[in-house]
Amino acid sequence: MTSEGTSGVAKSAAEKWSERTKQLGTAMQNPQRQRRLILFIVCIALLLDNMLYMVIVPIIPDYLAYLEGDTNPDQDPAGINSSSFSNITSDDKTTTENLDLQIGVLFASKAILQLLVNPLSGTFIDRVGYDIPLFIGLIVMFFSTCIFAFAENYATLFAARSLQGLGSAFADTAGIAMIADTYTEESERSKALGIALAFISFGSLVAPPFGGILYEFVGKRVPFLVLAFISLIDGILLLVFIKPFANRTRENMPVGTPIYKLMIDPYIAVVAGALTVCNIPLAFLEPTIANWMETTMGATKWEMGLTWLPAFFPHILGVFITVKLAAEYPNYQWFYGAIGMVIIGASSCTVPACRNFGELIAPLCGICFGIALVDTALLPTLAFLVDVRHVSVYGSIYAIADISYSVAYALGPIVAGQIVHTHGFVQLNLGMGLVNVLYAPALLFLRNVSQMKPSHSERNVLLEEGHTGLYDAIKLEERNAKKRGFASSAGNTMCGGQNEMDTFKGQSISDEESSGAECS
């Protein structure tokens, strides 16, 4: 009786599990649910990547000093005499300078490799689609983060940190491109990219206190193992629900515009420059502001650790405001970006005037608010520029965006400290603020972008032939739904088909000319 009861319970549980699995599978066939799931998976990947970048801020300086202490044990105090004191002080200064250089190089190594790999990863994404590179990036980040957790020497830390940059070059670019490809309407795309930027901001600002608290109480390995676990879970979600190796989304799709051609597009170049310039204050202040706070205002460790956390809220506010404004007034994206750069410049110039932690919060919040305006306004603009001036494939264009960010964050940890030592912290901030204010008028070049009309690209023609992947299925269903509202005559259909083929062949025949040539 007991065995029969157990068997019945097991059978009932199996049936319930099977039924729930079928329900979940049916629910995931809904295009809206698919898009939300894609957005969720990408946002987790972006959150993870930015936490990996910033989590080492409170950990690595102390840990490298610990490693330095292990390799160079302290001398016996009894052996130190007054005649050798000056030599020890000089040696200590040299050791400190070497340690600062090691920290700077380790911080920058992720962004440097990301910068070098992005041109290749963008082309690769254009060729194979977005989901496989995203999966590759998550797996690389998982293994590199595990290596970083167990590393016990500088060489291993450097190698693991560089591998994180390799994973980010695939995951970041593929994730943002996947959002742009999935959300084709400009208002929806701006909102989706705004949500992604909110996750990026949260990851960057919450990572230092997250890493510092865990490092203080449970050691160096735990914060990195937690992040590695998140990467693994996100990869499993992608593998189970998106099925990157089953959905061959780009088998029958056109090849995107080569990245070098996108780079020489003047509109894209202006946007890429703005993304680099607006992120310079954040990238250059992160490695220098803690030391300035300690020497200038006697800041405590908890104040230095929480320096950027209050800025998360104005960043979210900036994203929200820009998304709302873009929905109501989409023709002024360039203006929102220009206002953001002016705010960044003004805030950066006021940082050195602060004399306590409370005063410092305001300009830092201003910097993050301005960055939110620029990023939220210009990232969707990149996708729109590709739509109207090139082929609607987004791997290379968002590789350029990632390159723009990487330039700032590769230079920051290495160059910022040297500028502070050579010219001073005040001059660094004034220079960054002036560059942002002077660059803002360049965005006037983008004022007519919204008036450009999307071309009927090769991608749209191929969509008429059917779909082979998730993103194309969504687009095709949306377009078919629009077409159900009216009926076309056979003659009009023939003319429309001819127009599409003309466009596919690269001919610039207007609607009126085509109608006169084929339907008269």
> What ranking do 347-354, 440-447 get when scored by the average of other Cβ atoms within 10 Å per residue, highest first?
Replying inline: 347-354, 440-447
> Going by a ≥ b ≥ c, the root eigenvalues of the Cα gyration tensor, does the stretch 255-411 fall in the rounded group (a/c under 1.5), the prolate group (a/b larger than b/c) or the oblate group?
Replying inline: prolate
> Which residues in the stretch 295-334 place their backbone N less than 17 Å from a point set 7 Å from the Cα of residue 362 along the Cα-to-Cβ direction?
Replying inline: 310-311, 314
>> What does the C-alpha gyration tensor say about the overall shape of the stretch 187-305? Classify as rounded when a/c is under 1.5, otherwise prolate if a/b is larger than b/c, or oblate.
In response: oblate
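For the ranges 369-379, 301-311, 335-345, what's the packing order if you count other beta-carbon atoms within 10 Å of each residue, average per peptide, and put the highest first?
369-379, 335-345, 301-311
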> Where the centre of each part is set by its Cα atoms, how far does the stretch 213-240 sit from the stretch 136-176, in angstrom?
Replying inline: 12 Å
> With the Cα gyration tensor of the stretch 86-222 giving a ≥ b ≥ c as the square roots of its eigenvalues, does the rule (a/c under 1.5 for rounded; else a/b larger than b/c for prolate; else oblate) give rounded, prolate or oblate?
Replying inline: prolate
> How would you rank 204-214, 258-268, 48-58, highest first, on the average number of other Cβ atoms within 10 Å across their residues?
Replying inline: 48-58, 204-214, 258-268
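Quick note: the coordinates plus some simple rules give every number you see, no bench work behind them. Given the structure is predicted, the values throughout are model-derived calculations rather than measurements. FYI the Cβ positions are ideal-geometry reconstructions off the backbone, even for glycines, and counts take in every protein chain you see.
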